[in-house]
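**Student:** Structure incoming, see below.
The values are calculated or read from the model by the stated rules, or taken from the named source; none is laboratory data. Only a predicted model underlies this, so the values are computations on that prediction, with no experimental measurement involved. Neighbour counts run over all protein chains shown; Cβ positions are idealised from the backbone, glycine included. Protein only, heavy atoms only, side chains kept; ligands, DNA and RNA dropped before computing areas. Shrake-Rupley method; radii C 1.70, N 1.55, O 1.52, S 1.80 Å.
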Amino acid sequence: MTGTQIRRIAAMGSSYAAGPGIEPVADRRANRSARNYPHLLAERLGAELTDLTVSGATTDTITTTPQRVLLHTFPPQLAGLPEDADLVTITAGGNDLGYIGSMLRLGVAGRFSAHTLFRPLGTALKRKSVPRPSEADVERAAAGLVLIVEETRRRVERARVLLVDYLTVVGPDTRHSRATPFEAATLEEFRRLGDQVADVFTRAAARSGAELVAMRPRSQEHALGSTEPWVTGLPERLRPSTVVGAFHPNSAGMRAVADAIAEHLQGPEREQGPAGDRLPRHS
């Protein structure tokens, strides 16, 4: 697969790595699936896995701030990084910009607005529109990812570090439906926000020298409304156990991410050169 055998993978990130809603569940408090892309990749490579991902994580809760989930507190994910990791994957930054959280909120609002009884609640949920991150917001999120990469390299000097960005949710075939109860203008706002999240990864990779597995362009034809979506829409029945996985990767999406990483690893291992250029890494 690569010039250096990968014996241990460490995964850090938010729900797009953790895999809420995908059975079986590995850690219910973290909303972490045992069939998320880190698990699938480790299985494929025959490697051990340290899965530190937690749904709802931000770049801050990965680096310095403990993450509170109900009655449980997760320490910063970097604190659990194993010293013997050969490969570290990082998927985070979307929550820094309010990406999927706002999609869940407005999706539920759209569904409620269609029913007289729940319409007032839908109206209340719609009072906050789709986030419009400023240039400074995007820069802060990118800086957060860069810090994760730098701290990872400081703690695990020999590890190969991959930034893995988010799958496309709103694509060219996404239209208003029960699974995506958004007006056309709102869908366009979410397309823009998805582009900004992808830009966070592009900037962070360029500045940190981390390798980027760019899933947004790879998944454009597998967004909601396509014939083979890699993400889930809003479920027919709104229950906490099902809503938690809405607008997140499904099983096919997680396989696609694992496949993309495995394909990426077939190429030459690379590192950051002294002037920012990309140079082959020699083991």
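**Student:** How many of the residues in the stretch 120-174 are basic (K, R), exposed (fewer than 13 other Cβ atoms within 10 Å of the Cβ) and modelled with pLDDT under 95?
**Tutor:** The number of residues fulfilling the criteria is 3.
**Student:** In the stretch 69-82, what count of residues is obtained for those that are modelled with pLDDT of 95 or more and over 18 Å from Y37 (Cα atoms)?
**Tutor:** The qualifying residues number 8.
**Student:** Of these, L163, L167, L193, L187, which one is in a helix (DSSP H, G or I) and closer than 15 Å to G93 by Cα?
**Tutor:** It is L193.
**Student:** Whether any residue in the stretch 93-111 is in a loop (DSSP other than H, G, I, E, B), at pLDDT 95 or above, open to solvent by less than 50 Å² (accessible area, probe 1.4 Å) and more than 27 Å from L234 (Cβ to Cβ) is what I want to check.
**Tutor:** No, the conditions are met nowhere in the stretch 93-111.
**Student:** On the given criteria, is L212 hydrophobic (A, V, I, L, M, F, W, C), on the phi < 0 side of the Ramachandran plot and outside any helix (DSSP H, G or I)?
**Tutor:** yes
**Student:** Separate question: Taking the condition part of a helix (DSSP H, G or I) and surrounded by fewer than 22 Cβ atoms within 10 Å (Cβ to Cβ), does E43 pass?
**Tutor:** Judged against the criteria, E43 is a match.
**Student:** OK, next. Find the residue count for the stretch 12-40, including only residues that are open to solvent by less than 30 Å² (accessible area, probe 1.4 Å) and part of a helix (DSSP H, G or I).
**Tutor:** The number of residues fulfilling the criteria is 7.
**Student:** Within the stretch 42-56, work out how many residues are farther than 19 Å from Y16 by Cα and among the acidic types (D, E).
**Tutor:** Of the residues in that region, 1 qualify.
**Student:** Name every residue in the stretch 226-242 that is touching a residue at least 40 places away in the same chain (Cβ under 8 Å), crowded, with 19+ Cβ neighbours inside 10 Å and out of contact with any Phe, Trp or Tyr (no Cβ under 9 Å at 6 or more places or on another chain), in order of residue number.
**Tutor:** W230, the sole residue that qualifies.
**Student:** Since D51 meets every condition but one in (1) of a type outside the set (K, R); (2) more than 27 Å from G194 (Cα to Cα); (3) open to solvent by 20 Å² or more (accessible area, probe 1.4 Å), which condition does it not meet?
**Tutor:** (2)
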